[in-house]
Amino acid sequence: MAQEWQGVTLARILRSRGRIGEVAAEILTDFPQRLTALREVYLSDGKKPPRRVAVRRCWLHKGQAIFHFENVDSISAAETLKGLEIQVPLSERVTLPAGQYFFSDLIGCEVREAGASTPLGVVRDVQPIGENTPGAPLLVVDTPQGEMLIPFAQEICTRIDLAARRIDVLLPDGLRELSLSAASSQLSVRTTSKHRTCG
């Protein structure tokens, strides 16, 4: 039985670029410089097993990563890659310092308030902040009351136990109502972050 693929997404292909098969990709890692050193990656659509491809060249340009893959030599060939995720095996992802976490490790964690007998909800997604925007990433938590946005800040997320798949939170007064309202209206909640989260 083939081993199930476990990878980490570093970028997502947005569109073709130029005339020789290059593609522009959205950067989804806190370590973009490592993209330029990649010689082999896996392209995934999230449905079929990822396809291994050799990287001819990669460079950074205006906040995006430009990739040129082997055997992709035309605009039409590059267009077929739009939307694919650029991944590496999970074993090759960087080792983070203490207090930093991968978004993918946070998704699926149970969220509990201090002293509560039942979970508040489960992390469904993590919303990163924009470049040069102060604040913390937001945990998107599915609760019985609906989607809740919780800033991933040390003073709020007081304990993170990835082995137990659990995040303990201490919600300031009014944050529950504010975050539920913000989730429904797509407003942004900002706070000072001491947890630097890496995707």
Please report, for the Cα atoms of the range 1-117, the Rg to one decimal and the Dmax as a whole number; what are they, in angstrom? 16.5, 60
Dipole of the chain, Cα-centred, from +1 at each Lys and Arg C-beta and -1 at each Asp and Glu C-beta, to the nearest 20 debye? 660
Report the Cα-based extents of the chain along its three principal axes, largest first, to the nearest Å. 58, 41, 30
Packing rank of 60-69, 165-174, where each peptide gets the mean count of other beta carbons within 10 Å, highest leading: 60-69, 165-174
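Throw me the Rg/Rh for the range 122-175, computed over C-alpha atoms with Kirkwood Rh, two decimals.
Values: Rg = 11.6 Å, Rh = 12.0 Å.
Looking at the range 122-175, the ratio lands at 0.97.
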Just need the relative contact order of the chain here, percent rounded to a whole number, with Cα pairs under 8 Å and 6+ apart. 19
Counting only other residues whose beta carbon sits under 13 Å from that of GLU22, what net charge do I get with K and R as +1, D and E as -1? +3
Please determine, in degrees from 0 to 90 and to the nearest 10, the orientation of helix 175-185 with respect to the longest principal axis defined by the Cα atoms of the chain, where the helix direction is its Cα long axis. 40
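We did not get these values from a lab; they are worked out from the coordinates using the rules stated. All of these numbers come straight from a predicted model, not from anything done at the bench. No Cβ is skipped: glycine too gets one built from the backbone with ideal geometry, and neighbour counts run over all protein chains shown.
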